[in-house]
1. Out of (1) in contact (Cβ under 8 Å) with a residue 60 or more places away in the chain; (2) closer than 15 Å to Lys33 by Cα; (3) not in a strand (DSSP E or B), the odd one out for Arg130 is which?
2. Tell me which residues, restricted to the range 107-127, are of a type outside the set (A, V, I, L, M, F, W, C), assigned to a loop (DSSP other than H, G, I, E, B), closer than 23 Å to Glu23 by Cα and within 15 Å of the chain's Cα centre (by Cα).
3. Can you find a residue that is over 22 Å from Leu39 (Cβ atoms) and among the small types (Gly, Ala, Ser) anywhere in the range 82-100?
4. In the set Ser58, Ser72, which member is modelled with pLDDT under 95 and out of contact with any strand residue (DSSP E or B) (no Cβ under 9 Å at 6 or more places or on another chain)?
5. Are there any pairs, at least 6 apart or on different chains, whose C-beta atoms fall under 6 Å, with the first in the range 26-52 and touching a residue at least 40 places away in the same chain (Cβ under 8 Å) and closer than 18 Å to Asn12 by Cβ and the second crowded, with 19+ Cβ neighbours inside 10 Å and among the acidic types (Asp, Glu), and if so, which?
Amino acid sequence: MASGLQSIDNINHEYFMDIAIEEAIIAGERGDKPIAAVLVHNNNIIGKSSNTWNTRNSKVHHAENWLCMEYSNYLRKYGKECIIYSTLEPCIMCISTIIMADIRNIVVGYEDIYMKTWDNIQKLEWIFSRINNYKIGIRKEKCIDLIKRYGEEDDKKILLPE
């Protein structure tokens, strides 16, 4: 197992996911995809970010990617002790960025049933060996509701269960 936090069981994941959900609502109301991420270290929020696909006219401005870039200096020193919360399971681009930023603890609201990120992570030893904790399903229904409320029709088709 990678160095850093070995257990995140005694942390109030619902509280931090609620913060991410608030950020995702802001993104949705702004006209972006309703996805957000929160970076936490020692139970303190270090930063928040949301998807800005439409406002920045860029498909690489995912919440997790942007958050890791914005706090890269902090993560270089404390990344292994941090937790990233995301309302939707990070895509392959973002999971790679998260690992490169030394974040070893990932908490997800709703699994990405389209990309099946967790299935792919388990096949990639380089990534899998660097994850200490990977929790899925924190505030799942609220995260699904974000997609229902603010998601584009294509997103709804591929991300929501039938």
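1. Of the numbered conditions (1) in contact (Cβ under 8 Å) with a residue 60 or more places away in the chain; (2) closer than 15 Å to Lys33 by Cα; (3) not in a strand (DSSP E or B), the odd one out for Arg130 is (2).
2. Start the filter on the range 107-127 by keeping residues that are of a type outside the set (A, V, I, L, M, F, W, C), which leaves 109-112, 114, 116-117, 119-120, 122-123, 125.
The next check asks that each one be assigned to a loop (DSSP other than H, G, I, E, B); those that pass are 111-112, 114, 116.
With closer than 23 Å to Glu23 by Cα added as a condition, the list becomes 111-112, 114.
Answer for the range 107-127, where residues must be of a type outside the set (A, V, I, L, M, F, W, C), assigned to a loop (DSSP other than H, G, I, E, B), closer than 23 Å to Glu23 by Cα and within 15 Å of the chain's Cα centre (by Cα): Glu111, Asp112.
3. no
4. The conditions single out Ser58.
5. Between residues of the range 26-52 that are touching a residue at least 40 places away in the same chain (Cβ under 8 Å) and closer than 18 Å to Asn12 by Cβ and residues that are crowded, with 19+ Cβ neighbours inside 10 Å and among the acidic types (Asp, Glu), the close pairs are Ala36/Glu23; Ala37/Glu64.
Table: residues versus (1) under 19 Å from Glu29 (Cβ atoms); (2) out of contact with any helix residue (DSSP H, G or I) (no Cβ under 9 Å at 6 or more places or on another chain); (3) open to solvent by 80 Å² or more (accessible area, probe 1.4 Å).
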| site | (1), (2), (3) |
| --- | --- |
| Asn120 | no, no, no |
| Ile127 | no, no, no |
| Asn132 | no, no, no |
| Ile138 | no, no, no |
| Glu141 | no, yes, yes |
| Lys148 | yes, no, yes |
| Glu152 | yes, yes, yes |
| Lys157 | no, yes, yes |
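The values are calculated or read from the model by the stated rules, or taken from the named source; none is laboratory data. The structure displayed is predicted, hence computed values, not measured ones. Here Cβ is always computed from backbone atoms with ideal geometry, including for glycine, and neighbour counts include all displayed protein chains. The accessibility values were calculated without ligands, DNA or RNA, using every heavy atom of the protein model including side chains. Shrake-Rupley method; radii C 1.70, N 1.55, O 1.52, S 1.80 Å.
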